[in-house]
Structures are given as structure tokens and as C-alpha cells.
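The values are calculated or read from the model by the stated rules, or taken from the named source; none is laboratory data. These figures come from a predicted structure and were not determined experimentally. In this analysis, Cβ positions are derived from the backbone assuming ideal geometry, glycine residues included, and neighbour counts consider all displayed protein chains. Keep in mind that these areas ignore ligands, DNA and RNA; they rest on the heavy atoms of the full protein, side chains included. Shrake-Rupley method; radii C 1.70, N 1.55, O 1.52, S 1.80 Å.
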Amino acid sequence: MNKILDVRACKSSPVDIQADLFRQNVDLRPYELKHSLQSHPLLEIHNLVALAKRLPPIQREYVFAKQEFGTHETGDHYQHATSMDEMSTEEMILNIEAQNRVIVLRNVETDPTYGTLVNDVLDQLQDQIEAVTGPISGRESFIFVSPPRAYTPFHYDPEQNFFLQVRGRKDFAVYDVADRDVMPEVAIENFLTLNRRTPCAPEFFDRYRLFELSPGEGVYVPTTAPHWVRTLDEVSVSISINFRTPSSIRRDRVYRFNRLLRKTGIQPQSVSPRADNARDWLKSEFFATPSRLKQCFKSLLGR
Ligand SMILES: [Fe+2]
């Protein structure tokens, strides 16, 4: 492989997660990151155009972006590329300045060239991450090409996220993952079990922490921490490096368990921030073993 493209050729990782800050903040709070991927050739427009040609339509997503600030994500904001589109994804990227949409190249780790980049970045961070979290899994990466003044509405995602700004400036607002006014427990359950997102109540919308990102800067976004994103007066390119940790998997299982409890009429206790108290461990273990879960619910329901 060309040495320029091989991040393993670098002595240090292109992403600095600042191990102490990661230890203090993982699962709980966003914090600022530094990286050097803004100079990586694979993130230049001509290479992203070539990538768009290789990715299947389902991995080329358009998010309608010239929306009123303060709106919330709905399914209507999203569209996948199809063969019927008037303009190809490649043409949209080349003319991104004039587009009314953010182009999302999803799961770029499935592409052999970009997969090498994503895996190399995570391989170099793995020891630092796993010393805090335990084994990571579910490696993924999305690349966002955005026009100027594009607003991506309030939403949340299920992964741990190192969000890295590569070109242009971007405002990235993150809400407290534990703020149950902004996102009630039921909203998290609905998201993790049904992929249904709940808008933030207008009176709580201003509770975000704003990260003003320039190329070379980034932000760690905890699992399910709500966020919105806005580009400034220039074209923007960003990449997210995503993964799962034992805590994020446990949290997912506990919320699924709680949803089942709620269906039986039981009001579940709140989930601890890292889903690591005894109650959450127990719920998670039940969900990890479906036959025991089934048995448990049969007895709960008296059947
Ligand atoms: Fe997101």
C-alpha cells in the first residue's frame, strides 16, 4: 500500500483521544479531540467521489439540510440514492456547494480502501480505549459532505462516536446524555428498540454544549447523547469513527429489557449512566440469554 495512505506508517495515531479525558468522560460527557486526518488523501473530494461510485445506493444517504434551525429529525429528512435520481451522488459531491442536502457515505469500512483506514485508526487506539472500556466491537465509519449553512436536526445515535472535522467549520451541539428532560427513558427505549426518535421539548432545546469545530478538531459523542450539527459558510467534510463497548451493549440490552417490563405494566427504574449497577447487570444478563428471558417473562405474566 502507498505509504501516504497507510496510517500505520505514522508513529503516533492520527486521532488523539487523550486517554485521561477518555477515561473520565466515556459514556458520560462529550469532550474535544484532536486529529490529523484533515490532510489524509482519502478524505479529499476527488477520492470521496470515487468512493461514492463504489458504494451501493443503500450506503449513500441524503439528509435534507436547509431546514429551519431548531427543528427535529423525522424520517422525511432522509432519502437513499436510487438509480432514478436526476443527479448521481458523485455529481452531488462535486457540486455540493449548491446542494440542499448533506451527503452521508455510510459504513465506509465496507470499502476495502476505507476499511483499511478505519481499522488502522481504531487499531492504534484500541489499547487506550479497551484499557478503560473492555473489548470494542461493531467498528463503523460514516463520512459527511455538507453544503454551507446546512442544519442537521436534533437526533441521537446508538454508537460511541469520535466525530472528526476534516474540511470547513462546523458547530456541533451535544446534550447531556443523562438529562431526562431532553430525552426521557421511554424515548431511549423507543429509539433502541423501534428506531423511533422523540423530539426535544422546545423549552429544553437550549441545553446543549456547543463545540465549534475546525479541521483537525473533533468531539467524542457518548452513545445516545442527543446532538444537532450546523455547517458555517463553507463546504464541510467530516468523518465519524464509531464502535460499541461492553457498556453500550449492556445499556442497549437494559433498555430493551425495560421496554418489556413497561409492557407488562411495571415502571422500570432509570438506567445507570454506564448501565453498571447490579440491577442493570442482571437485566443485561437476562437479555444476553434469550431462553432465560423468555422463562422470566412467562413467569412474570403468569403463563
Ligand atoms: Fe448523529
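Among the conditions (1) in a loop (DSSP other than H, G, I, E, B); (2) over 21 Å from Ser284 (Cβ atoms), Ala178 misses just one, which is (2). Here Arg23 clears all of (1) over 25 Å from Leu232 (Cβ atoms); (2) open to solvent by less than 60 Å² (accessible area, probe 1.4 Å); (3) at pLDDT 75 or above except the condition numbered (2). Consider only pairs whose beta carbons are under 8 Å apart and that are at least six residues apart or on different chains; among these, list those whose first residue lies in segment 58-86 and is modelled with pLDDT under 70 and whose second residue is open to solvent by 90 Å² or more (accessible area, probe 1.4 Å) and not β-branched (Val, Ile, Thr). Note: pairs meeting the criteria are Lys66/Arg149. How about segment 163-182: which of its residues are within 14 Å of the ligand (Cβ to nearest atom), under 14 Å from Leu28 (Cα atoms) and out of contact with any helix residue (DSSP H, G or I) (no Cβ under 8 Å at 6 or more places or on another chain)? Residues satisfying the conditions are Val174, Val177. Each residue in segment 188-203 was checked for being more than 13 Å from the ligand (Cβ to nearest atom) and closer than 29 Å to Ile17 by Cβ, and 4 of them qualify.
Residue pairs whose Cβ atoms lie under 8 Å apart, separated by 6 or more positions or on different chains, with the first residue in segment 219-233 and in the same structural domain as Ser272 (by TED's automatic domain parsing) and the second open to solvent by 10 Å² or more (accessible area, probe 1.4 Å) and away from the ligand (no atom under 11 Å from the Cβ), do not occur. The lone criterion from (1) modelled with pLDDT of 95 or more; (2) within 12 Å of the ligand (Cβ to nearest atom); (3) open to solvent by less than 10 Å² (accessible area, probe 1.4 Å) left unmet by Phe154 is number (1). Scanning segment 144-151 finds no residues that are out of contact with any strand residue (DSSP E or B) (no Cβ under 9 Å at 6 or more places or on another chain) and of a type in the set (S, T, N, Q).
Against the conditions (1) open to solvent by 60 Å² or more (accessible area, probe 1.4 Å); (2) part of a helix (DSSP H, G or I); (3) among the hydrophobic types (A, V, I, L, M, F, W, C), Phe69 satisfies every one except (2).
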